[in-house]
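**Student:** Okay, here's the structure, questions in a sec.
The values are calculated or read from the model by the stated rules, or taken from the named source; none is laboratory data. A quick note: this is a predicted structure, and the numbers were derived from the prediction, not measured. Backbone-built Cβ (ideal geometry, glycine too); neighbour counts: all protein chains shown.
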Amino acid sequence: MLLEQKDRHVIPRWRDFRTTLELGELENARAPEPISSDDKEAIARRVEEFEAYGDIWHAADLLSSAFVIGDSESADLARKFILANQKGAPKGLLHFASGISNGEVPDDLSTLKKDERQRIFHQIRTRLSSEPRNAILWVELSRLYSLQGNSRRALRAMIAAANLAPDNRFVVRSAARLFLHERDGPTALKIIRRAAGAKRDPWLLAAEIAVASASGKATLFAKIGANRNEDNNISPFARTELSSALATLEMENGKTRKARQLFRQSLEGPNENSVAQVEWANRQIGGLELDKSALSVPRSFEATANLNLIAGEWNPAVAHGMEWLRDQPFSKRPALFTSYVSSLIEDYETSISILRQSLSANPDDPSLINNLAFALGSVDQLEEADSLLRKMDLTETSQLSSITLPATTGLLFFRWGLPEFGRRMYELAATRAARQGNIKYRTLARLYLAREELLASTPTAEMAVNLALVEASKREDEDKEVAFVAAQVRKLEEAAKSDRPQPQRPPRIGIPSVSKTMVG
Amino acid sequence: MTLSSGWLVTEEIPRLPGGTGGYFSCAYKVQKGGKTAFLKALDFSKAGEMAVAMGVDNLTALQSLVNAYQFERNLLQDCKQKRMDRVIMALEDGSIQVDPGLFGEVFYLIFEPADGDVRRHLALFEQLNVVWILRCLHHIAVGLNQLHSAKVAHQDLKPSNVLVFEANLSKVADLGSASVQGTVSPRDDYKFAGDRTYAPPELLYGSIDPDWGRRRQATDVYHLGSMVTFFFCGVSMTAMILAHVAPNHLYTVWGGTYSEVLAEIRDAFGVALEEFSNNVPGEQLRKVLREAVSQLCDPDPAHRGHPSNRQGFANPYSLERYVSLFNRLTQRAVIGILEKK
């Protein structure tokens, strides 16, 4: 089982347009101007005409004019008249006067069920057939395709959006997110850099720095970004991601003091992304504890879920993980997190369901496949788990998955009734973890080996349990996950000692193909 | 008071909607030989008042008034010479000495008499009169097309500037905000020459295109589309669009450029277009008018107008296709080919 936490960048979030709008991430506000004398004159003329003629069409003219200028008093005058004299008034005018819109407000796609999503799919495509230049609809369509795992169509729709509205912040940030998701950092950067506001818009500067960093490219706008970050005319909220992106850059360069200073600045007007970044940074460099107010930022699910996990609050961690997943349904991180915690507390059904869904948006992702194979193996769905692992490159030795894949294979061997091979796989995982300096994963590999030995009632079970628990005891105080798995092993050990009947698995015939590869 | 040409000034009309000099022009009803007409007078004695309002010195204000008067008078003469029969005609121009001294002279223009603007006529119908509306739209399109043919952009088309003559004839009025290509027009320096409450979105958001066509003629094209929405929904297209723009993205508080907000305006435009088409009676008419309005009111002036006009060397803002369209629709409505429900 795997939970990647190595790197994190303030990559733009990709939500639907209405939600992004509501979160205030598309604002570019300036002080409102008072109504000009020319506009006042125009409205005064309309009011005079309306009072002179007192009919619905003069009221309609006044309402339109006053509404456009923002003269609510005159608009109300016309509105009241129209609603009190509806005879002969066009239906559209009555709707407008009563504030009822015929236009449908789009639903939050992430919260919709599959058939409802299909309905929205149809609506968007119908609208696009008559509004082919609507870049926002192309982005929404791309997001739907992305959720389906149809990356070719998602990219095509996003390219259309980016070409139609190359300067729009929502479009540019969404496009950058998608191209990074598709591991095409250069295109993501190209789209950001060609936007008209790329060198002045703090949201685009933040995206450029974060995307460059995440894709291993040099940022071109770090200096401009640093200057903009000091501009007091920009609101703390508007520059929160910029401060955070600059802080991450400083952290990567080893300047932790400056990084902490910038991270604290990012919390002056945070959004959930900058809060999550600080929570992550705190785990790396410390000195950045989040207070409750930071966690009350709307949609701050990621940071809260991670804090729940650290505190060993498993059920809240799953609940917040679910919220995070609903907020970012195509992203693998929340799926990985929530499935990891669900598997940890042995809620494998939830874990399987999350991972299956996420794999449709992230096909062939090794971390997701590994976690799904682990969950499936844990509930004895061995055929499917085996076929999943067959897709993996088990010879890869540098990544975190090089630890977890042999461990998961070990689990399958145990469940197939081949403890010898299983043991060798778990030992391989522990050795690789030690080689990578990952003590936590070495301990977890030993703990899960002990669990499987106990479940298989092998003669070496006691030895494996002792070894695992001794190692776990060194980490239990600081790591709740290790402590939790150790507690599970202890419980199993006690059950074994009390001679209660253990689940018996008959040995299966034949070695699964993946396992053959590993053994071979 | 009787003018030298024999017109008798009978009564003052309170404030002329729009018009040269705004509040500094007055309108009167005049009569001669049983004919009634409208007189628009420019009162130079109010130059001082205007200077205060404009924040300029008296001489500049006076010069502005003179320029505006001369511009409109010359333009109207030009329209008359070119026989623009869907643009309001000036019957006469001249001046009269009402007080002694230079500032006592009042310059005037006498216009052919109208029955009122479209709002008054629409109020006479108990329900939407599709034939009348389509005919009126045809006349407006012809009027604007006649102006465009003379390289004139009206820039201030709105319900109060479409006058109705007899029952079935409509004309475009008030050339005070017009711009003539290749010459300096009095309002060329204005961010928006006409009534801002009817301005297309790009001008509200401060996007000033140096190209005369994209800035001036494209505005007329938008205004024609907005007249369509006003006739069928009672709401201008600008109001319909802004009703679907997030409050913090409205032009009054938007701190970015138009190109940065255009995608959102276009999305709001799509919803507005749907609302508009829901108000058009009859499937056939709905489909045709929706398409026309989507072209006429496109939020991007570079894509406004008929798509076929953007091929080759055609004027992208030519209204000829819409003249034909509204004429065709009127004919079909008259003979009852367009279904009503």
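Table: residues versus (1) more than 29 Å from residue B:318 (Cβ to Cβ); (2) not in a strand (DSSP E or B).
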{"residue": "B:73", "(1), (2)": "no, yes"}
{"residue": "B:108", "(1), (2)": "yes, no"}
{"residue": "B:114", "(1), (2)": "no, yes"}
{"residue": "B:137", "(1), (2)": "no, yes"}
{"residue": "B:148", "(1), (2)": "no, yes"}
{"residue": "B:157", "(1), (2)": "no, yes"}
{"residue": "B:171", "(1), (2)": "no, no"}
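**Student:** Among the numbered criteria (1) basic (Lys, Arg); (2) surrounded by fewer than 19 Cβ atoms within 10 Å (Cβ to Cβ); (3) in contact (Cβ under 8 Å) with a residue 40 or more places away in the chain, which one does residue B:304 miss?
**Tutor:** Here residue B:304 clears every test but (2).
**Student:** Right, another one. Which one of B:76, B:8, B:59 is at pLDDT 80 or above and within 27 Å of residue B:153 (Cβ to Cβ)?
**Tutor:** Only one candidate passes the filter, namely B:76.
**Student:** Condition (residue is more than 12 Å from chain A (Cβ to nearest Cβ), over 22 Å from the mean Cα position of the chain (by Cα) and either within 16 Å of residue B:237 (Cβ to Cβ) or assigned to a helix (DSSP H, G or I) (or both)) applied to the stretch B:259-277: is it met by at least one residue?
**Tutor:** No - not one qualifying residue is present in the stretch B:259-277.
**Student:** Restricting attention to helices (runs of 4 or more DSSP H) lying wholly within the stretch B:200-245, give those where 2 or more residues are aromatic (Phe, Trp, Tyr).
**Tutor:** Qualifying helices (runs of 4 or more DSSP H): B:218-233.
**Student:** Go through the stretch B:119-131 residue by residue and tally those that are within 13 Å of another protein chain (Cβ to nearest Cβ), farther than 9 Å from residue A:88 by Cα and assigned to a helix (DSSP H, G or I).
**Tutor:** Count: 6.
**Student:** Restricting the first residue to the stretch B:68-84 and requiring it to be outside the structural domain of residue B:184 (by TED's automatic domain parsing) and closer than 15 Å to residue B:183 by Cα, which pairs with a second residue that is modelled with pLDDT under 90 and in a helix (DSSP H, G or I) meet a Cβ separation below 7 Å and a spacing of at least six or different chains?
**Tutor:** none
**Student:** Is the stretch A:388-395 home to any residue that is in a helix (DSSP H, G or I) and under 30 Å from the mean Cα position of the chain (by Cα)?
**Tutor:** Looking for residues that are in a helix (DSSP H, G or I) and under 30 Å from the mean Cα position of the chain (by Cα), one finds at least one in the stretch A:388-395, hence yes.
**Student:** Out of all the residues in the stretch B:107-117, is one or more within 14 Å of chain A (Cβ to nearest Cβ) and in contact with a Ser or Thr (Cβ under 6 Å, 6 or more places away or on another chain)?
**Tutor:** yes
**Student:** Follow-up. Test each condition in (1) within 47 Å of the chain's Cα centre (by Cα); (2) surrounded by fewer than 22 Cβ atoms within 10 Å (Cβ to Cβ); (3) modelled with pLDDT of 95 or more for residue A:29 and report the one that comes out false.
**Tutor:** So the condition that residue A:29 fails would be (3).
**Student:** Can I ask one more? Taking residue A:145 and the conditions (1) out of contact with any Ser or Thr (no Cβ under 9 Å at 6 or more places or on another chain); (2) at pLDDT below 95, which numbered condition does it fall short on, given that it satisfies the others?
**Tutor:** Of everything listed in (1) out of contact with any Ser or Thr (no Cβ under 9 Å at 6 or more places or on another chain); (2) at pLDDT below 95, residue A:145 misses just condition (1).
**Student:** Collect the residues in the stretch A:257-310 that are of a type in the set (Ser, Thr, Tyr) and surrounded by fewer than 19 Cβ atoms within 10 Å (Cβ to Cβ), keeping them in residue-number order.
**Tutor:** Scanning the stretch A:257-310 gives A:293, A:296.
**Student:** Could I ask something else about it? With the checklist (1) within 14 Å of chain A (Cβ to nearest Cβ); (2) crowded, with 23+ Cβ neighbours inside 10 Å; (3) at pLDDT 95 or above in hand, flag the one item residue B:193 doesn't pass.
**Tutor:** Failing condition for residue B:193: (3).
**Student:** Separate question: Could you list, ordered by first residue, the pairs with Cβ atoms under 9 Å in which the first is in the stretch B:100-116 and modelled with pLDDT under 85 and the second is part of a loop (DSSP other than H, G, I, E, B), at least 6 apart or interchain?
**Tutor:** Hits for this filter: B:104/B:98; B:105/B:98; B:105/B:99; B:106/B:98; B:106/B:99.
**Student:** Could you grab the pairs with beta carbons closer than 8 Å, sequence gap of 6+ or different chains, first residue in the stretch A:484-498 and assigned by TED's automatic domain parsing to the domain that holds residue A:459, second one modelled with pLDDT under 95 and not in a helix (DSSP H, G or I)?
**Tutor:** Within 8 Å, the pairs are A:484/A:312; A:484/A:345; A:486/A:476; A:488/A:346; A:495/A:502; A:496/A:457; A:496/A:502.
Matching residues to (1) within 14 Å of another protein chain (Cβ to nearest Cβ); (2) over 20 Å from residue B:255 (Cβ atoms); (3) within 20 Å of the chain's Cα centre (by Cα):
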| site | (1), (2), (3) |
| --- | --- |
| A:188 | no, yes, yes |
| A:202 | yes, no, no |
| A:207 | no, no, yes |
| A:213 | no, yes, yes |
| A:217 | no, yes, no |
| A:234 | yes, no, no |
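**Student:** I've got another one for you. As an exercise: evaluate residue A:56 against (1) more than 7 Å from chain B (Cβ to nearest Cβ); (2) surrounded by 22 or more Cβ atoms within 10 Å (Cβ to Cβ); (3) more than 30 Å from residue A:188 (Cα to Cα); (4) not charged (D, E, K, R) and give the number of the one condition it does not meet.
**Tutor:** (1)
**Student:** Limited to the stretch B:218-250, what total is found for residues that are in contact with a Leu (Cβ under 9 Å, 6 or more places away or on another chain), more than 9 Å from chain A (Cβ to nearest Cβ) and farther than 17 Å from residue A:96 by Cα?
**Tutor:** The total comes to 7.
**Student:** Test residue A:69 against the criterion of being facing chain B (nearest Cβ under 8 Å) and over 46 Å from the mean Cα position of the chain (by Cα), and give yes or no.
**Tutor:** Considered against the rule, which asks whether it is facing chain B (nearest Cβ under 8 Å) and over 46 Å from the mean Cα position of the chain (by Cα), residue A:69 comes out as no.
**Student:** In addition: Report whether or not residue A:155 is under 30 Å from residue A:356 (Cβ atoms), part of a helix (DSSP H, G or I), modelled with pLDDT under 95 and in contact with a Phe, Trp or Tyr (Cβ under 8 Å, 6 or more places away or on another chain).
**Tutor:** no
**Student:** Considering only the stretch A:213-235, I want to know if a residue exists there that is β-branched (Val, Ile, Thr) and surrounded by 21 or more Cβ atoms within 10 Å (Cβ to Cβ).
**Tutor:** no
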